[in-house]
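All remarks here apply to the structure that follows.
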Amino acid sequence: MTDQAQSEGRPETDDGEMAARLSEQGSAGPSGLAVWLGIADNTFTRQKTVKFGDASAVNSGRLYSILTVIALFTLWWLATNLGWVKPIFWPSLGMVGERLGKLISDGFRNFTLWEHVWISVYRVLTGVLLGALVGIPLGFAMGLSSLARGVFDPIVEFMRPIPPLALIPLIILWFGIDETAKISLLFLASLFIMTIAARAGVSSVRISKVHAAYSLGASKLQVLRHVILPNALPEIFTGLRTAMGVCWGTVVAAELVAADRGVGSMIMIAKNFLQTDTVVIGIIIIGLIGYSIELLMRLLESWLIPWKGKA
Amino acid sequence: MDGLRIENLSMVFSLPNGGRIQALKDVSLHLAPGELMSVLGPSGCGKTTLLNIVAGFLAPTAGRVQLNGHEVKGPDAERGMVFQQGALFEWLSVERNVAFGPKMAGKPAAEIRQTVEHLLEVTGLQGFGDKPVYQLSGGMQQRVALARCLANDPDLILMDEPLGALDALTREKMQGLVLRLWKETGKTIVLITHSVEEALFLGERLVVMAPRPGRVHKTYELPFADRGLEESPRSIKASQEFIAVREEVLSMIWEMEEEIMGRAGAG
Ligand SMILES: Nc1ncnc2c1ncn2[C@@H]1O[C@H](COP(=O)(O)OP(=O)(O)O)[C@@H](O)[C@H]1O
Ligand SMILES: [Mg+2]
């Protein structure tokens, strides 16, 4: 009571002083640019006294990232232009630029660059889609029925640690090297990831939510559709992200082994012709697309599942 | 209409290691329609187990539960639940949470909208309808839980420490809301709580349970809930009469706790 009375009766000058001090602090603070570059603490972090061990007090260091990229390119430029490495082992920036222009205008071995990239992406999307279509219901069944769990547990647990690449020989024996072979491989690669993710999603449901739904009159089917399914979506989405990443790696490797189209086959064929610049371009494309897939999935996740981690 | 009848209820949990826990022993209670009974007792005395049996989530080892003359066999929309927290559907907005029960029952959309609107107003949630529930404070979330339960118009409402996770001030406010809702709807309510004050303030009847095995220790008939709407909650809680019962119940529970500690120390 007395506190309140005092603060209400506080003379004007005090507020003025306070404002002055605030603006002083503001002007003495780090500039927006320095904060963006990640080399200065923002105003909140500046007031923390414990910083070592507080991950949120570690700044982005964006300036250093920029410098690192510049340094790498400089090193590339120096190493190739001063003849430190032979072009056959690592091409010069100029050669890569020139080759990229040619690849874009003329394509590579009967296919345009976009066709190579698109066929790889298409294989991944199809494989993951099929894997999800089968894996999600399978994971749900395993999380909901002991029959399904008993039947599929040995298969899933056995297949889980086998790297998809180890299946390539068998897949080639069964399906040859056509499109079916690649899609089947990617299907298998994503199937078990999706099954396990969906099963984890089902078992992550808090029992009080299920109880609440039944007490609100929901039937078993309604509990499945309106509680267990939405509750499992975050885990399912994490599974999709993982499957996308794994399948992207797998498709490139599979194309290295046997394919006439795709980014993987492009770099393999280029290697046979000692076109190191095409190989380097292929590797950069693989990296960029893998990264873009991850970013896209994160974006989709924050759109579609905004409640993730907020239960 | 015969209310809730709990007869000679016993519950024994068999543990995986071969041990057995008698969570409830011979519990009998009767609750008339429209009555609010609060249940109090030290942690582990079987309050949640009792509520889970009445809700139909657990089958008792012995005894039976009847609501309005028929036996409780499983969960049903006639018995609504309000959990402590974390039982809201975080993928749904506030109004969709509240609409859940009527929607599952296939009620017409217009009717659902009317029910939801009314309940949001009654529980002080106007303007929050389209907010995702995870953006609300703990107190607001419990308002949603209350509204969601009421939307189904259940015969009996079971609450397991519904205000247990709230800070003291929010808690007092919410006690007022529970009291008002109870008076306005005339629902039969079983309220489990850890707070002696809350149990006394809200319960027309108070059941104090004792642990090991969980059983009814003492029952009180209380006048405070009836006065709760006319008098201010603060003045009721500060009255001589209230304080006297509060101290009696508190020391009763203290003794039980000491006994548990003593036994644990000896064992
Ligand atoms: N599913 C269970 N399996 C084994 N023991 C349980 C189970 N649920 C509760 N218990 C035991 O039953 C007793 C009563 O628990 P509970 O009803 O949760 O008490 P309260 O809600 O009063 O704290 C406790 O000793 C607890 O350990
Ligand atoms: Mg409990």
Can you go through B:D130, B:D167, B:D160 and tell me which one is open to solvent by 10 Å² or more (accessible area, probe 1.4 Å) and within 16 Å of ligand 1 (Cβ to nearest atom)? B:D160
Output for the range B:104-148, where each listed residue is free of Cβ contacts under 8 Å to residues at least 24 places away in the same chain, part of a helix (DSSP H, G or I) and among the polar types (S, T, N, Q): B:Q114, B:Q135
Determine if the range A:200-218 includes at least one residue that is open to solvent by 50 Å² or more (accessible area, probe 1.4 Å), within 14 Å of chain B (Cβ to nearest Cβ) and hydrophobic (A, V, I, L, M, F, W, C). yes
Return yes or no: is A:I177 more than 14 Å from chain B (Cβ to nearest Cβ), surrounded by fewer than 19 Cβ atoms within 10 Å (Cβ to Cβ) and assigned to a loop (DSSP other than H, G, I, E, B)? yes
Looking at this structure, is B:E95 more than 16 Å from ligand 1 (Cβ to nearest atom), open to solvent by 60 Å² or more (accessible area, probe 1.4 Å) and touching a residue at least 24 places away in the same chain (Cβ under 8 Å)? yes
Name every residue in the range B:1-21 that is open to solvent by 30 Å² or more (accessible area, probe 1.4 Å), part of a strand (DSSP E or B) and more than 16 Å from ligand 2 (Cβ to nearest atom), in order of residue number. B:R5, B:E7, B:N8, B:V12, B:S14, B:R20
Take residues that are touching a residue at least 12 places away in the same chain (Cβ under 8 Å), within 16 Å of ligand 2 (Cβ to nearest atom) and not charged (D, E, K, R) and tell me which of the strands (runs of 3 or more DSSP E) falling wholly in the range B:152-267 contain 2 or more. B:156-160, B:188-192, B:205-210
Please work out which one of (1) farther than 30 Å from A:T180 by Cα; (2) open to solvent by less than 80 Å² (accessible area, probe 1.4 Å); (3) touching a helix residue (DSSP H, G or I) at 6+ places or on another chain (Cβ under 6 Å); (4) in a helix (DSSP H, G or I) is the condition A:K48 fails and give its number. (4)
So which residues in the range B:98-120 are open to solvent by 30 Å² or more (accessible area, probe 1.4 Å), more than 10 Å from every other protein chain (Cβ to nearest Cβ) and hydrophobic (A, V, I, L, M, F, W, C)? B:A109, B:A110
So is A:W307 open to solvent by 30 Å² or more (accessible area, probe 1.4 Å) and either in a helix (DSSP H, G or I) or within 13 Å of chain B (Cβ to nearest Cβ) (or both) or not? no
Counted residues in the range A:82-129 being in a helix (DSSP H, G or I) and either open to solvent by less than 70 Å² (accessible area, probe 1.4 Å) or closer than 20 Å to A:N272 by Cβ (or both) come to 23
Considering each residue of the range B:36-60, count those that are more than 16 Å from ligand 2 (Cβ to nearest atom) and open to solvent by 30 Å² or more (accessible area, probe 1.4 Å), and give that number. 2
Which residue out of A:I269, A:I285, A:I281, A:I289 is under 13 Å from the mean Cα position of the chain (by Cα), more than 21 Å from A:G201 (Cα to Cα) and more than 14 Å from every other protein chain (Cβ to nearest Cβ)? A:I289
Among residues of the range A:219-252, those that are among the aliphatic types (A, V, I, L, M), within 11 Å of chain B (Cβ to nearest Cβ) and either outside any helix (DSSP H, G or I) or open to solvent by 50 Å² or more (accessible area, probe 1.4 Å) (or both), counted: 3
I'm checking my understanding of the structure. Among residues of the range B:30-77 that are in a loop (DSSP other than H, G, I, E, B) and near ligand 1 (Cβ under 10 Å from one of its atoms), which one is farthest from the other protein chains (Cβ to nearest Cβ)? B:P42
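The values are calculated or read from the model by the stated rules, or taken from the named source; none is laboratory data. Predicted model, so just to flag it, every value in this text is computed and none were measured. Positions of Cβ are backbone-derived with ideal geometry, glycine not excepted, and every protein chain shown enters the neighbour counts. With ligands, DNA and RNA removed, areas are computed over all heavy atoms of the protein, side chains included. Shrake-Rupley method; radii C 1.70, N 1.55, O 1.52, S 1.80 Å.
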